[in-house]
1. Between Ser5 and residues 5 or more places away or on another chain, which pairs have amide H atoms under 5 Å apart, with H built 1.01 Å from N, and which residues are they?
2. Pick out which of Asp124, Asp183, Asp220 has the largest mean-square fluctuation in a Gaussian network model of the chain, springs linking Cα atoms closer than 10 Å.
3. If R0 is 41 Å, what FRET efficiency do you get for Phe142 and Asn281 from their C-beta distance, rounded to 0.05?
4. Around Asp261, what is the net charge, scoring Lys/Arg as +1 and Asp/Glu as -1 over all other residues with Cβ under 12 Å from its Cβ?
5. Mind jotting down the distance between the C-alpha centroids of segment 223-282 and segment 91-161, whole Å?
6. What is the fewest-to-most order of Thr182, Thr112 by other Cβ atoms lying within 10 Å of their Cβ?
7. Taking the chain as a Gaussian network, Cα atoms linked when under 10 Å apart, which of Ala230, Ala51, Ala152 shows the biggest mean-square fluctuation?
8. Could you work out the local net charge near Gln54, counting Lys and Arg as +1, Asp and Glu as -1, over the other residues with Cβ closer than 15 Å to its Cβ?
Amino acid sequence: MTFLSGYIAIIGPPNVGKSTLLNRILGKKLAIVSPRPQTTRNRILGILNGADFQMVFMDTPGIHNTRTALHRSMVASALAALNEVDIVTVMVQMDQEKHMELDPILNNLKGTRKPCLLLINKIDKGPKERLLPMIRGFQERFPFEAVLPISALKGEGVGLLVDELKSRLEPGPRFFPEDMETDQSEAFLISEIIREKIYYHLKQELPYSSAVTVEKIDEDIRKGLLSISARIHVETVSQKGIFIGKGGRMIRAIGRSARMDLERVFGVHVYLDLMVRVEKNWSRDTRAMRRLGY
Ligand SMILES: Nc1nc2c(ncn2[C@@H]2O[C@H](COP(=O)(O)OP(=O)(O)OP(=O)(O)O)[C@@H](O)[C@H]2O)c(=O)[nH]1
Ligand SMILES: [Mg+2]
């Protein structure tokens with residue numbers, strides 16, 4: 001029996017459901033998800049292991065027009081994924097009209113010999129009769145090997161997608177140990193879960209001005225307790241005030257939801273100490289970005 005393996009990129013505009021799909025395929029939450037665009041900032045690997053195959057999925061930041069240093073680096077890392085993988089899946093969502101935001105992606109894919117699949121996500125939301133003309137439109141725009149309607153949230157079409165991908169794997173090694181599901185460190189996963197809660201609790205542009213670092217993790221196995229100390233970095237003093245909130249209400253709310261999620265993920269009690277710190281205009285400063293993990 002030949003062993004089959006490959007890297008598979010999930011790429012597309014912001015907010016179409018790329019991270020939701022990664023989580024759905026892996027059957028657990030590896031990537032954070034939010035109703036707002038530009039949630040994912042780093043590439044995240046999810047490794048699907050079978051007896052005779054290994055598929056390494058790469059979730060990427062959404063591709064969009066952008067100016068700040070942070071967003072430029074996000075988009076660059078997503079586009080670079082196209083060169084590093086064996087199979088490309090491009091995701092769009094049903095309720096978008098023209099899908100012009102695909103142009104930079106399709107331009108980057110021109111001339112590639114890699115199998116490219118188009119995923120139309122969120123079919124649970126849209127009228128099904130719109131699917132057929134959409135599929136045809138995409139096939140005219142780019143020689144996709146397949147156009148697959150899915151619902152990453154509900155799971156519809158996802159099994160079929162995995163089968164389609166499996167049939168395109170080539171003989172290759174197991175890139176990662178069989179019991180490995182992601183390349184993320186514990187600290188990164190913790191900082192992402194905290195960041196996810198920020199997207200839910202804070203309005204408008206505020207989440208985009210924040211970054212999270214984990215300063216310390218102490219595990220007391222006897223007590224089943226994980227003590228985490230983490231920092232939220234914001235760009236201005238006034239943002240710091242909003243993140244803390246009246247009498248510390250906001251930071252407590254973020255901490256509480258993060259702690260509940262962390263307890264679910266790690267299966268132990270969590271003590272979470274959160275601090276807010278100003279790192280002036282960090283998202284425009286590549287050196288500060290590097291310090292914060294971007
Ligand atoms: N109805 C519906 N909602 C979905 C589906 N897939 C994802 N969503 C929702 O769409 C929103 C964005 O999902 P994400 O997975 O964060 O999207 P993303 O493409 O990773 O976004 P970025 O990381 O910002 O590029 C979330 O609110 C999801 O719950 C789907 O199949 N159906
Ligand atoms: Mg994402």
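1. Amide H neighbours of Ser5, under 5 Å, 5+ apart: Gln54, Glu170, Gly172.
2. Taking springs between Cα atoms under 10 Å, the residue moving most is Asp220.
3. 0.60
4. Charge balance near Asp261 sits at +3.
5. Between the Cα centres of segment 91-161 and segment 223-282 lies a distance of 37 Å.
6. Thr112, Thr182
7. Maximum fluctuation in the GNM of the chain, among the listed residues, is at Ala51.
8. On the way: positive: Lys166, Arg168, Arg174; negative: Asp52, Asp86, Glu170, Glu178, Asp179, Glu181, Asp183.
Every neighbour counted, the sum reads -4.
Values quoted throughout were computed directly from the atomic coordinates according to the rules given, and no laboratory measurement underlies them. For clarity, every value in this text was computed on a predicted model and none was experimentally measured. Virtual Cβ from ideal backbone geometry, glycine too; neighbours counted across all protein chains shown.
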